[in-house]
Every structure is written in structure tokens, then in C-alpha cells.
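Notes to accompany the following structure.
The values are calculated or read from the model by the stated rules, or taken from the named source; none is laboratory data. As the structure is a prediction and not an experimental result, all values here were calculated from the model. For neighbour counting, all protein chains shown are included, and Cβ atoms are generated from backbone atoms with ideal geometry for every residue, glycine included.
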Amino acid sequence: MEHQRSESVPLYLMLALSGGSMDAYSYLCRDHVFANAQTGNMLLFGVHLAQRNMPMALRYLWPVLAFTMGIVLSDLIRNRIQNEKIHWRQVVLVAEIVILGCVCWISRSFNLIANGLISFACGLQVESFRSAKGNSITTTMCIGNLRSGTNHIDRFIQYRNQTDLKKALLYYSVIVFFVIGAVLESLLIRTFHQKALFFSVGLLCLSFLWMLAEPNAGEDI
């Protein structure tokens with residue numbers, strides 16, 4: 001699929017919006033658990049383990065395990081699906097859409113299940129979408145993008161290479177869109193509560209449609 005847009009910048013910006021949305025949703029609406037920031041979950045798991053509070057420790061361990069399973073499934077999809085009509089990353093997006101759509105209907109009494117499913121979807125996304133225009137980028141967390149963007153800014157200051165400036169702007173744009181996604185999701189939660197995750201579902205649907213379209217001749221994506 002030579003025209004497939006799985007590494008285009010607009011796609012990664014939409015996925016970053018969705019990534020910020022998922023993290024804000026799981027934290028604000030589902031018992032203050034991170035969907036994407038597994039470092040935070042592992043930290044809180046360790047803290048509660050030290051306090052011998054096993055129910056709280058397991059609350060933060062479960063998303064880490066689900067995230068890991070999402071990574072494994074992404075690799076299986078990539079290795080098993082070799083189809084000229086549909087890209088394996090589109091299959092991943094469909095899986096994310098179905099999973100997050102289901103979460104919207106899960107009661108807050110079952111937040112453990114909901115958080116596991118969200119983290120599972122995040123694992124799928126972080127493993128499947130790792131490179132935009134040859135740059136290693138994550139759409140579900142910011143620390144790697146912040147490090148890479150700052151490194152390119154430093155190189156631009158030292159050597160005045162315009163390529164470094166363009167790459168820095170790309171990394172920082174993804175960070176900004178991640179934050180915007182979190183802001184919008186936070187506002188939506190006030191009105192729609194657990195259904196607010198449909199915002200992320202909608203963004204993933206747009207991402208899927210974007211990947212289906214063929215770029216115009218000479219389009220730089």
C-alpha cells in the first residue's frame with residue numbers, strides 16, 4: 001500500500017489528541033489511574049505495596065499488565081496480517097475503537113475492568129504507531145517526545161540546522177496536541193461523565209478514515 005498514511009504527521013497529531021484524552025479520562029473518571037503513564041502506575045503500585053495495601057497496589061498493577069498485553073497483541077497483528085487492501089495498523093485502530101467504545105458503557109463500579117481495557121488499547125497504539133516521517137514518536141505519552149524535541153532544539157541552537165528545528169517543532173506539536181486532548185477530555189467529563197471517552201473514539205475513527213484516503217499528488221504528509 002504505497003499511499004497508506006500510517007506515518008503521516010496529521011495522523012500522529014490526531015492520535016496524540018486521543019492519547020491525551022485517554023489519560024485524562026482514566027485519571028479523572030476512573031479512580032485516578034493512568035492509562036498511558038505506566039511509570040506512574042508502577043510507582044504507585046510500589047508505594048501501596050510498601051504500605052501492604054494490596055487492593056490499591058493491584059489497582060495500579062493491572063493497567064501495567066494490560067498495557068503489556070496490548071503491546072504483544074500489536075506485534076501479533078503486525079506479523080499475521082499481510083493484506084494489500086487493509087494495513088495492519090488499520091486493524092489496530094478498529095480494535096481500539098471497539099475497546100474504547102465498550103468502556104464508555106462500563107459502570108464506574110467496574111473501574112478496574114475499564115482501566116485495564118483503556119491501558120490495553122494504549123498498549124496497542126504505542127506499539128503500532130512509533131514513527132512519523134522517520135522520527136521516533138509516541139502518541140500516548142510525552143517524556144520521549146520532550147527529550148527528542150529538546151535535543152533537536154539544542155542542536156539547532158548550536159549548528160543552525162533547519163532540519164533540527166523542523167524536527168523539534170514536530171515533537172513539540174505532538175506534545176501540545178496531547179495536552180489539548182487532555183484539556184478537552186477534562187471539560188467533556190463534566191457533562192458526559194464516563195461517556196466522555198467517545199471523544200477519543202471519534203478521533204480514532206477520523207484517524208482510520210485518514211489512513212483510508214490516498215494523498216493528492218505531491219502532497220507532503
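The residues listed here are Arg59, Arg52; of these, the one that is of a type in the set (Lys, Arg) and either touching a residue at least 40 places away in the same chain (Cβ under 8 Å) or surrounded by 13 or more Cβ atoms within 10 Å (Cβ to Cβ) (or both) is Arg59. Here Val72 does not qualify as under 28 Å from Ser207 (Cα atoms) and surrounded by 15 or more Cβ atoms within 10 Å (Cβ to Cβ). Assessment of the range 147-170 against the conditions (hydroxyl-bearing (Ser, Thr, Tyr), within 23 Å of Tyr27 (Cα to Cα), assigned to a helix (DSSP H, G or I) and at pLDDT 95 or above) yields no matching residue.
Counting residues in the range 167-181 that are within 13 Å of Ala35 (Cβ to Cβ) and touching a residue at least 40 places away in the same chain (Cβ under 8 Å) gives one or more. Selection of the range 86-98 for residues being touching a residue at least 60 places away in the same chain (Cβ under 8 Å) and either β-branched (Val, Ile, Thr) or out of contact with any helix residue (DSSP H, G or I) (no Cβ under 7 Å at 6 or more places or on another chain) (or both) yields Val94, Ile97. Looking only at the range 1-40, residues that are in a helix (DSSP H, G or I) and either without any contact (Cβ under 8 Å) to a residue 12 or more places away in the chain or within 16 Å of the chain's Cα centre (by Cα) (or both) come to 22 in all.
Could you tell me whether any residue of the range 108-117 is farther than 19 Å from Cys29 by Cα and in contact (Cβ under 8 Å) with a residue 40 or more places away in the chain? No, the range 108-117 contains no residue that is farther than 19 Å from Cys29 by Cα and in contact (Cβ under 8 Å) with a residue 40 or more places away in the chain. Residues that are in contact with a Leu (Cβ under 6 Å, 6 or more places away or on another chain) and of a type in the set (D, E, K, R) within the range 71-110 comprise just one, Glu96.
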